[in-house]
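Quick notes on the structure that follows.
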Amino acid sequence: MDFFQGITEEELNPTIFWCSRIRESRNEEEHVHPMNLELAFILSGNGQYKVDGKTYDVGHGDIIICNPGVKHQSIVMDHGNPTLEFICGFRDIHFAGMPRDSIILPDGGALLKLPSKLSKDISRCCLDIIEENDSNQPGRYYIIKALVIRMLVLIFRAIKGEENSEQSAG
């Protein structure tokens with residue numbers, strides 16, 4: 001039995017640069033991360049993200065994927081209740097059929113809308129990462145890395161589920 005089903009340790013061994021929780025009170029400047037991927041998981045609130053020139057409405061449970069070299073910007077829509085986001089920057093992943101250090105969605109966009117259960121599972125990962133990071137305990141990087149890997153596998157499953165649904169409908 002293949003427990004990994006297409007994901008090997010060489011393909012999923014992320015080097016993590018940052019993981020944090022942020023609440024933007026103003027629009028951030030449009031920017032690029034030339035060497036790493038950044039994921040933004042919306043923990044609460046509603047807002048917008050501009051990614052590669054396209055604007056996406058985002059809300060609780062959504063994931064924005066900013067691949068290396070892609071301009072992106074978080075846009076505050078409600079200054080009284082801005083989005084609370086978990087952001088994570090990393091590299092050293094390679095899913096089959098996708099460029100290294102990138103996640104390509106079936107529609108080619110940057111917004112991944114998740115089913116409720118997956119959204120809850122990923123939200124739990126994000127909160128656990130934040131808690132572990134704040135703990136300052138020895139070995140926290142490895143716990144965070146394990147949680148980021150879990151999150152990436154859940155995202156991979158969501159993407160594969162979308163692809164399978166599209167193929168079934170076709």
**Request:** Would you mind telling me the share, in percent, of accessible area of the range 65-131 contributed by carbon and sulfur at probe 1.4 angstrom?
**Result:** 53
**From the C-alpha gyration tensor of the range 29-107, square roots of 5λ in Å** = 23, 13, 11
**Asked** Using unit Cβ charges (K, R positive; D, E negative) and no other charged atoms, how large, in debye to the nearest 20, is the dipole of the chain about its Cα centre?
**Response** 220
**Item:** Label-to-label distance, nm, for residues given as Thr55 and Thr15 (7 Å Cα→Cβ offset)
**Value:** 3.7
**Complete:** To the nearest Å², the heavy-atom accessible area per residue of the range 26-154 with 1.4 Å probe amounts to 47
**Asked** What area, in nm² and to one decimal, does the C-alpha convex hull of the chain cast on average over all directions?
**Response** 10.9
**Request:** Quickly work out the Asp92-to-Arg140 label distance, labels modelled 7 Å from Cα along the C-beta direction, and quote it in nm with one decimal.
**Result:** 2.0
**Request:** Provide, for the chain, the number of lysine pairs with alpha carbons under 26 Å apart, each pair being eight or more places apart or on different chains.
**Result:** 17
**Message:** Quick check: net charge around Val58, other residues with Cβ under 10 Å of its Cβ, Lys/Arg +1 and Asp/Glu -1?
**Reply:** -2
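The values are calculated or read from the model by the stated rules, or taken from the named source; none is laboratory data. Note that the coordinates shown come from a computational prediction; the quantities given were computed from them, not determined experimentally. For neighbour counting, all protein chains shown are included, and Cβ atoms are generated from backbone atoms with ideal geometry for every residue, glycine included. The area values use the complete protein model at the heavy-atom level, side chains included, leaving out ligands, DNA and RNA. Shrake-Rupley method; radii C 1.70, N 1.55, O 1.52, S 1.80 Å.
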